[in-house]
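Trainee: The structure that follows is given in the form of structure tokens.
The values are calculated or read from the model by the stated rules, or taken from the named source; none is laboratory data. Just so we're clear, the structure is a prediction, and the values are computed from it rather than from any experiment. Every residue, glycine as well, gets a Cβ built from its backbone with ideal geometry; the counts of neighbours run over all protein chains shown. These area figures cover heavy atoms from the full protein model, side chains too; ligands, DNA and RNA do not enter into them. Shrake-Rupley method; radii C 1.70, N 1.55, O 1.52, S 1.80 Å.
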Amino acid sequence: ISSSPLFVPRRTMKIKAIARAPPPSGGGRAPVPRIHRNLDPTAHPLSRAREYQRAVTAVKLDRMFAKPFVGAMEGHSDCVSSTAQSRRGLLPLVTGGYDGRIMVWDLAARKSVMRIGGGGAGGPDQAHAGPVTGVVVSPEKHGTIFYSCGDDKRIHRWKLGVTHSGGGAPVGGADGGCDPEETWTHSSPLKSMDHHWSRPEFATAGDGALEIWSPERSAPVQSHTPWGSAGEGVTCCRYNPSETSLVGHCSTDRGVGLTDTRAAGGVRKTVLAMRSNAFEWNPMEPMTFTVGNEDHNCYTFDVRRMDRPSMIHRGHVGAVLALGYGPTGKEFATGGYDKTVRIFGTRSPTARDCYHTRRMQRVFAVDYTADSKYVITGSDDHVVRIWRSRASEGEGQRSAREERSLEYRAALVKKFEDTPEVRRISKGRRLPKLVRKQTEIVHVQRKGAKRKMDNVVRHSGKDAQGRPVKKYEGDRKKAVVKEID
């Protein structure tokens with residue numbers, strides 16, 4: 001058999017395995033000892049106590065590193081009344097003030113890169129002959145155009161001289177767009193404006209009606225006076241981000257209404273107990289919107305049921321003057337007559353944080369940056385301020401280990417948020433004396449109203465089934481006076 005030509009002797013194969021030799025005892029890195037963990041809960045009887053102590057430490061660290069104020073930008077000579085940013089790009093911030101001046105800011109450098117008004121570089125003394133009541137950045141031409149309106153009954157279209165953050169455009173000059181590209185004249189002062197999300201179309205709110213404009217026409221394309229409210233002024237208007245033909249607006253008759261630009265009349269209207277000053281749609285849930293009211297509260301409504309608000313957000317002790325949603329749609333910021341800025345969750349009745357400074361006055365404009373990390377405010381002391389949306393969140397890139405540590409701390413705080421000590425530390429804020437006193441008065445008034453209602457129900461008698469004749473009425477139902485379809 002061995003002499004057969006088909007026989008091939010079997011050969012042995014030598015395999016070399018990859019192995020690392022242990023480091024020499026004289027030097028080098030020491031081996032990392034492996035840690036074996038026993039996950040049996042009976043072996044860790046004090047695990048909950050340790051987690052609770054870590055949660056207290058985590059919430060203390062969160063408050064220790066809470067520094068929300070980033071910086072202030074000065075340039076206006078009167079109240080900052082309105083702000084605007086591009087919805088589709090990281091463009092500079094545009095602000096308008098009661099001094100008739102419009103300014104464009106580079107938020108990264110915290111400086112003005114364009115000024116319209118003020119007499120710089122041979123330009124006009126004012127962008128508007130009176131307060132600038134509304135500014136909005138248009139999606140036309142990749143966001144290089146913005147519009148403004150004012151009490152002087154005029155609408156201007158301007159060219160944005162800076163197309164991205166850090167552009168370094170000169171202040172004023174021809175590139176700065178000191179002269180408007182186009183001007184429209186209205187018959188009455190204008191209070192607010194908003195641009196369509198995709199089409200070349202914008203809406204204005206004035207003393208007469210809600211009007212729709214086209215840049216190619218010198219007069220309004222449509223004029224809406226829904227429910228025969230001629231003579232009742234419209235104070236605020238906003239296009240819906242999803243149903244882009246739907247416009248929400250607030251009016252001086254305490255109404256909050258919806259108007260479809262494809263129809264002749266209004267869609268739905270709700271009359272509240274007091275007038276609303278601000279209106280904003282939720283960008284991630286376009287069927288809901290929030291209004292800021294004169295009764296110090298914010299009301300979130302669902303367009304499918306406007307007979308009562310789905311949530312009442314309390315905390316301000318003055319009229320809510322401005323409101324702005326974050327890009328994530330999970331929270332919004334408000335500015336009030338009480339000189340504070342508060343951040344609410346969309347499903348939270350109370351604010352998770354309250355910002356204030358010693359010099360900040362009444363807040364008339366609030367907006368979020370496109371990355372949802374910062375809040376922009378304009379106030380009555382002529383200053384534009386930048387705040388962190390998360391007071392203790394640092395800047396810069398974090399390592400993976402730091403990310404895991406922060407997530408673990410947040411999970412612990414969430415787990416023990418209802419315990420007395422964690423709640424006291426996380427909810428406690430140092431407020432101005434006036435705000436603190438007014439808050440105490442509001443609490444006393446609310447307790448008194450509840451005690452009075454309890455007495456009324458108790459002494460109202462009982463019906464045949466043994467139930468009180470007078471029944472409790474919820475706050476959400478009492479907020480709406482009537483609904484008009």
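Trainee: For Glu417, state whether it is free of Cβ contacts under 8 Å to residues at least 60 places away in the same chain and surrounded by 13 or more Cβ atoms within 10 Å (Cβ to Cβ).
Mentor: So Glu417 passes the test.
Trainee: Next question, about the same structure. Going by the structure shown, is Lys482 part of a strand (DSSP E or B) and open to solvent by 100 Å² or more (accessible area, probe 1.4 Å)? I'd like the intermediate steps shown before the answer.
Mentor: Details: part of a strand (DSSP E or B): yes; open to solvent by 100 Å² or more (accessible area, probe 1.4 Å): yes.
Against the criterion (part of a strand (DSSP E or B) and open to solvent by 100 Å² or more (accessible area, probe 1.4 Å)), Lys482 qualifies.
Trainee: Also, I was wondering about something else. Quick one: how many residues across the stretch 420-441 are assigned to a helix (DSSP H, G or I), touching a strand residue (DSSP E or B) at 6+ places or on another chain (Cβ under 9 Å) and open to solvent by 40 Å² or more (accessible area, probe 1.4 Å)?
Mentor: 1
Trainee: Now for a different question. List every residue pair whose Cβ atoms sit under 6 Å apart, with the two residues 6 or more apart in sequence or on different chains, where the first one lies in the stretch 63-80 and is over 15 Å from Arg101 (Cα atoms) and open to solvent by less than 60 Å² (accessible area, probe 1.4 Å) and the second, anywhere, is basic (Lys, Arg) and in a loop (DSSP other than H, G, I, E, B).
Mentor: Filtered contacts from the stretch 63-80: Gly71/Arg110.
Trainee: For the subset of the stretch 200-214 comprising residues that are at pLDDT 90 or above and open to solvent by 10 Å² or more (accessible area, probe 1.4 Å), which member is farthest from Trp281 (Cα to Cα)?
Mentor: The extreme case among them is Ser214.
Trainee: Quick check on Gly100: is it assigned to a loop (DSSP other than H, G, I, E, B), under 21 Å from Val383 (Cα atoms), modelled with pLDDT of 90 or more and not charged (D, E, K, R)?
Mentor: yes
Trainee: Test Met284 against the criterion of being in contact with a Lys or Arg (Cβ under 7 Å, 6 or more places away or on another chain), part of a loop (DSSP other than H, G, I, E, B) and among the aliphatic types (A, V, I, L, M), and give yes or no. First the steps, then the outcome.
Mentor: Working: in contact with a Lys or Arg (Cβ under 7 Å, 6 or more places away or on another chain): no; part of a loop (DSSP other than H, G, I, E, B): yes; among the aliphatic types (A, V, I, L, M): yes.
Criteria not met by Met284.
Trainee: I'm told Arg254 meets every condition in (1) open to solvent by less than 40 Å² (accessible area, probe 1.4 Å); (2) farther than 19 Å from Ser82 by Cα; (3) touching a residue at least 40 places away in the same chain (Cβ under 8 Å) except one. Can you identify the failing condition by its number?
Mentor: Going through the list (1) open to solvent by less than 40 Å² (accessible area, probe 1.4 Å); (2) farther than 19 Å from Ser82 by Cα; (3) touching a residue at least 40 places away in the same chain (Cβ under 8 Å), Arg254 breaks only (1).
Trainee: Yes or no: the stretch 11-31 includes at least one residue that is hydroxyl-bearing (Ser, Thr, Tyr), closer than 30 Å to Arg362 by Cβ and modelled with pLDDT under 95.
Mentor: Checked against the condition, which is being hydroxyl-bearing (Ser, Thr, Tyr), closer than 30 Å to Arg362 by Cβ and modelled with pLDDT under 95, the stretch 11-31 yields no hits at all.
Trainee: Shifting gears a bit: Check Lys111, Lys60 and return the single one that is out of contact with any Asp or Glu (no Cβ under 8 Å at 6 or more places or on another chain), open to solvent by 10 Å² or more (accessible area, probe 1.4 Å), basic (Lys, Arg) and under 24 Å from Arg342 (Cβ atoms).
Mentor: Numbers: Lys111 fails: under 24 Å from Arg342 (Cβ atoms).
Matching residue, one of Lys111, Lys60: Lys60.
Trainee: Give the stretch 360-408 a look and list any residue that's within 24 Å of Thr57 (Cα to Cα) and either open to solvent by less than 40 Å² (accessible area, probe 1.4 Å) or not charged (D, E, K, R) (or both), or say none. Working first, answer last.
Mentor: Filtering the stretch 360-408 for residues within 24 Å of Thr57 (Cα to Cα) gives 388-408.
Those that are within 24 Å of Thr57 (Cα to Cα) and either open to solvent by less than 40 Å² (accessible area, probe 1.4 Å) or not charged (D, E, K, R) (or both): Ser389, Ala391, Ser392, Gly394, Gly396, Gln397, Ser399, Ala400, Ser405, Leu406, Tyr408.
Trainee: Condition first: among the polar types (S, T, N, Q) and either buried (at least 19 other Cβ atoms within 10 Å of the Cβ) or part of a strand (DSSP E or B) (or both). Now tell me which residues in the stretch 177-199 satisfy that.
Mentor: Hits for the stretch 177-199 are Thr183, Thr185, Ser192.
Trainee: Output the residue which, of all residues in the stretch 215-227 that are polar (S, T, N, Q) and not in a strand (DSSP E or B), is most open to solvent (accessible area, probe 1.4 Å).
Mentor: Among residues in the stretch 215-227 that are polar (S, T, N, Q) and not in a strand (DSSP E or B), the one most open to solvent (accessible area, probe 1.4 Å) is Ser218.
Trainee: Just the residues that are surrounded by fewer than 23 Cβ atoms within 10 Å (Cβ to Cβ) and in contact (Cβ under 8 Å) with a residue 40 or more places away in the chain, please, taken from the stretch 327-352.
Mentor: We begin by selecting, within the stretch 327-352, every residue surrounded by fewer than 23 Cβ atoms within 10 Å (Cβ to Cβ); these are 327-331, 337, 339, 345-350, 352.
Residues satisfying the conditions are Pro327, Thr328, Gly329, Lys330, Glu331, Lys339, Thr346.
One line per residue, one yes/no per condition, for (1) on the phi < 0 side of the Ramachandran plot; (2) touching a Phe, Trp or Tyr at 6+ places or on another chain (Cβ under 8 Å); (3) modelled with pLDDT under 90:
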residue: Ala169; (1), (2), (3): yes, no, yes
residue: Gly177; (1), (2), (3): no, yes, yes
residue: Trp184; (1), (2), (3): yes, yes, no
residue: Pro189; (1), (2), (3): yes, no, no
residue: His195; (1), (2), (3): yes, yes, no
